[in-house]
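The values are calculated or read from the model by the stated rules, or taken from the named source; none is laboratory data. Fair warning: this is a prediction, and the values are worked out from it, not measured in the lab. With ideal geometry, Cβ positions are generated from the backbone for all residues, glycine too; neighbour counts draw on all protein chains shown. These area figures cover heavy atoms from the full protein model, side chains too; ligands, DNA and RNA do not enter into them. Shrake-Rupley method; radii C 1.70, N 1.55, O 1.52, S 1.80 Å.
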Amino acid sequence: MDYVNHIEQIEIELTRLNAARSLVNVPRRLEITSSGRTTLLRDHTDSASAYYNRIKGFGPDDLNQLDTLLSHYPDAAPCFDLSPDHMTEEVTRALCGKGYLPAEQLAFLYVHLDERSAVTSAEFQIERVTEQTAETFIEWIRKSAGGLRVTGEMIARSREYFYREDFLNYMLSIGGKPASMGSMFVSGEEGYLANDYTFPEYRGRGCQTSLINKRLAEAAGLGIKRVYTDVEFGSASHANMERAGFRTAFLNTYWTAARSGLK
């Protein structure tokens, strides 16, 4: 199976949704275009974000188009999101020549689903975000971001995204207090786990594992055949995903311009 193509396509869909739901003062204007075999993501409102200003699919066949691709970002230094089949010596030399360096690697994983049931600890209370609890969930997000300033306008613009049928969000509480959260994006018969976060005081207690199992069980119930995710290679999340049955499909390398970072 061509995991690179499947994962990259659903990850682009998720990025589009993430841009629309962002809790930001000025709504993002994410433009996604194609140039040959590459996909260009550009946020016209936030040139500093390497996540929303990315070039995907760049490879050896595109070397003569490098300057043209960069010209699509007059106010930004886009991140080159390179899959392993495209990261040749010629490509790396060309990017280094433009001042780019490998800044981060993410492992992309997959699992094929069968009949599953959620296995959670009795001390964990997991609920799916609904229209009635969307603002509570936004408050959890605000808290997880260190007290992010969230206005009423931002909430009104974003709240509906957190209880859509294609973007399922979950809150895990312990003793009535926020402990962990995570989401699942759904596209046809495929799903994508994302946005896992556990508050520091509750880490190491199995919260993420319970949320993984909960989402996989619900995915199976929805008839989803495969679920993907991405994690920092070698991280605790990587280990948790593998324990839940995920297998590594490939590693992507993110090349950013000097002093640039993935946002």
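With each label point set 7 Å from Cα along the Cα-Cβ vector, what nm distance links A48 and L148? Computed distance between label sites A48 and L148 equals 1.5 nm. Summing Cβ point charges (Lys, Arg +1; Asp, Glu -1) relative to the Cα centre of segment 74-187 gives a dipole of roughly 460 debye.
Let me spell out the model: positive unit charges on the Cβ of Lys and Arg, negative unit charges on the Cβ of Asp and Glu, origin at the Cα centre of segment 64-129. What dipole size does that give, in debye rounded to 20?
120 debye
Karplus-based coupling profile of segment 58-73, in residue order and whole Hz: 5, x, x, 6, 10, 4, 6, 9, 4, 5, 5, 4, 5, 5, 6, 10, with θ = phi - 60° in 6.51 cos²θ - 1.76 cosθ + 1.60 and x standing for Gly or Pro.
In summary, the lysines within cross-link reach of K98, defined as a Cα separation below 29 angstrom excluding same-chain residues under 8 places away, comprise K56, K263. A straight chain from E139 to Q65 at 0.36 nm per residue would run longer than the Cα-Cα distance by 22.2 nm. Taking the Cα centre of segment 18-153 as origin and assigning +1 to Lys and Arg Cβ atoms and -1 to Asp and Glu Cβ atoms, the resulting dipole is close to 300 debye. What the phi angles of segment 40-47 give under the Karplus curve with 6.51, -1.76 and 1.60, with θ = phi - 60°, is a coupling list of 10, 10, 9, 9, 6, 9, 9, 6 Hz, glycine and proline written as x. Could you tell me the center-to-center distance, by alpha carbons, between segment 84-136 and segment 195-227 in angstrom? Using only Cα atoms to place each centre, the spacing works out to 13 Å. A prolate overall shape is assigned to the chain, the ratio a/c of its alpha-carbon gyration tensor axes (a ≥ b ≥ c) being 1.5 or greater and a/b exceeding b/c. In loop segments of segment 220-251 as defined by DSSP, the trypsin sites (Lys or Arg not before Pro) with at most 16 further C-beta atoms inside 10 Å of their C-beta are K225. Between the residues T38, N25, A50, the greatest Cα displacement towards the positive end of the dipole of the chain, with unit charges on the Cβ of Lys, Arg, Asp and Glu, is found for N25. The accessible surface of the chain, taken with every protein chain in place and a 1.4 Å probe, is 46 percent carbon and sulfur.
Average accessible surface for segment 99-250: 48 Å² per residue, computed with a 1.4 Å probe over protein heavy atoms with every protein chain in place. Among the trypsin sites (Lys or Arg not before Pro) within segment 83-153, those in coil by DSSP and having at most 11 neighbouring Cβ atoms inside 10 Å are R149. Of the GluC sites (Glu not before Pro) found in segment 94-157, those in coil by DSSP whose Cβ has at most 16 other Cβ atoms within 10 Å are E115, E123, E131. Think of the chain as having a plus end and a minus end, set by charges on the Cβ of Lys, Arg, Asp and Glu; of T68, C96, F199, F199 sits farthest toward the positive end of this dipole.
For segment 20-121, what class follows from the C-alpha gyration tensor (a ≥ b ≥ c being the square roots of its eigenvalues): rounded when a/c is under 1.5, otherwise prolate if a/b is larger than b/c, else oblate? Cα axes put segment 20-121 in the oblate bin. Its alpha carbons considered, segment 138-263 gives a radius of gyration followed by a Dmax of 15.8, 45 Å.
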